[in-house]
Structures are given as C-alpha cells and as structure tokens.
Amino acid sequence: MRYAGVAVAVAGVLVAAGAVTYSVAGDGAADTAAPAAGSADAGFARDMAVHHQQAVEMSYIVRDRTADEDVRRLAYDIAQTQANQRGMLLGWLDLWGLPKVSSKAPMSWMGMADMADGEDGALMPGMATNTELKKLGTLNGKAAEVFFLQLMTAHHQGGIHMAEGCVDKCAVGVEKRLAQGMVEAQQSEIALMTDMLEARGAKP
C-alpha cells in the first residue's frame with residue numbers, strides 16, 4: 001500500500017534528523033562555526049518553520065471536517081511530521097544563537113524574495129491564502145477532503161522547491177540531509193494525494 005511506504009519514509013527522516021539535532025550547530029565538528037543570520041541555513045530554517053506551521057494548521061482543520069479514515073490519517077501524519085521538523089528547525093536557530101524572524105522578505109536566501117507578495121497571508125509559494133483557510137474551515141466531508149488535498153498538494157510543491165534550495169545552498173550537512181528527506185517524503189505524499197483526488201473525481 002502506497003500510504004504505508006510514505007509513513008515509513010517519513011519516520012526514517014525524523015529518526016535520522018532527531019539523532020543529530022543537538023550536534024547540528026557545528027554538524028558534529030567542534031571547530032565549525034555556526035551559520036550567519038543571513039545564511040541559507042538560517043533562512044531555510046526560518047522560512048520552512050513558517051511554511052510547516054500552515055501545513056499543521058490545515059491538517060488539523062480537515063481532521064475535524066471529515067470522517068474519512070485515510071484523509072484523517074494522512075492529515076495526522078503530516079501534522080506530526082511537520083510539527084516535529086518545525087521544532088528541529090527552530091531549535092537549530094536557538095543553538096546557533098540566531099533570531100527566528102528576519103526583516104528580509106521570505107526566500108531572500110534563495111535570491112527569490114519576489115516569489116510571493118504575501119497577499120492575503122500567502123507568504124511563500126504554495127502557501128494557502130487566509131481566504132482559502134477560512135473556506136476549508138466551512139467545508140465538510142468529500143468537499144473538505146478534496147479542497148484539503150488540493151491545497152496540500154500545492155503546499156508540498158512550494159515546500160519541495162524551498163527544500164531543494166537548501167540542498168543546493170545550505171552549508172550545514174545535517175540540515176541539507178533533512179531538506180533532502182523533505183523533498184523525498186513530500187514527493188511521495190503528492191503522488192498519494194493525486195491518487196486520493198482521482199478516487200474522488202478531482203484533480204490537483
């Protein structure tokens with residue numbers, strides 16, 4: 001079953017990342033300096049923490065709007081996975097002694113500060129607008145499932161783009177590995193959500 005494979009992959013990412021959480025400031029090397037506030041490592045940690053928070057929010061919204069066990073299970077796993085990863089990212093910023101917010105526009109560390117204008121709360125590509133979140137909270141059953149799966153597919157696509165940027169630009173090895181794990185897990189979840197949408201007569 002495709003869903004079981006996704007769950008195993010996600011669990012592997014979390015275990016691998018969790019095992020090195022406390023050494024990430026220097027990636028295990030005592031003579032390695034923590035990244036600077038304007039680095040790709042810090043920028044990715046800040047931006048992905050924000051991106052993940054919305055995924056958690058959407059997942060908890062749909063969990064209460066449908067009785068479908070597959071959607072509820074997927075939403076729960078996304079919420080738990082991304083909440084844990086968000087904790088790691090914010091914890092690393094603490095370890096590095098860096099602020100969790102920046103005056104620079106989101107994705108500036110990727111050279112893509114103009115990718116999203118922040119209109120209606122969509123701070124980065126793939127993020128849902130405030131209007132879309134409110135709409136999700138008004139739907140029930142199949143309608144809620146379809147809208148959630150569509151929103152989360154777009155959300156994952158934006159997250160993958162950002163994670164790939166970290167794989168390319170980040171300097172801290174363990175953060176690059178976590179980012180690569182995010183790419184692989186979210187690609188698998190997109191494939192799963194595409195199947196779930198097709199089963200409901202809808203498209204991403």
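The values are calculated or read from the model by the stated rules, or taken from the named source; none is laboratory data. A quick note: this is a predicted structure, and the numbers were derived from the prediction, not measured. Note that each Cβ is placed from the backbone with ideal geometry, even for glycine, and that neighbours are counted across all protein chains shown. SASA here: full protein model, heavy atoms, side chains in, ligands and nucleic acids out. Shrake-Rupley method; radii C 1.70, N 1.55, O 1.52, S 1.80 Å.
No other residue among Arg72, Arg46, Arg86, Arg63 is in contact with a Ser or Thr (Cβ under 7 Å, 6 or more places away or on another chain) and either under 21 Å from Ser188 (Cα atoms) or at pLDDT below 95 (or both) apart from Arg72.
Could you list, in sequence order, the residues of segment 41-80 that are touching an Asp or Glu at 6+ places or on another chain (Cβ under 9 Å), surrounded by fewer than 22 Cβ atoms within 10 Å (Cβ to Cβ) and either closer than 18 Å to Gly158 by Cβ or hydrophobic (A, V, I, L, M, F, W, C) (or both)? Correct list: Ala79 only. Might you check whether a residue that is over 21 Å from Ile61 (Cβ atoms), open to solvent by less than 30 Å² (accessible area, probe 1.4 Å) and out of contact with any Pro (no Cβ under 6 Å at 6 or more places or on another chain) occurs anywhere in segment 139-162? Yes, there is a match, as at least one residue in segment 139-162 is over 21 Å from Ile61 (Cβ atoms), open to solvent by less than 30 Å² (accessible area, probe 1.4 Å) and out of contact with any Pro (no Cβ under 6 Å at 6 or more places or on another chain). Which one is farthest from Ala171 (Cα to Cα) among residues in segment 81-107 that are surrounded by fewer than 17 Cβ atoms within 10 Å (Cβ to Cβ) and hydroxyl-bearing (Ser, Thr, Tyr)? Among residues in segment 81-107 that are surrounded by fewer than 17 Cβ atoms within 10 Å (Cβ to Cβ) and hydroxyl-bearing (Ser, Thr, Tyr), the one farthest from Ala171 (Cα to Cα) is Ser103. Return yes when Glu189 is more than 18 Å from Ala37 (Cα to Cα), open to solvent by less than 40 Å² (accessible area, probe 1.4 Å), in a helix (DSSP H, G or I) and of a type outside the set (Val, Ile, Thr) and no when it is not. Judged against the criteria, Glu189 is a match.
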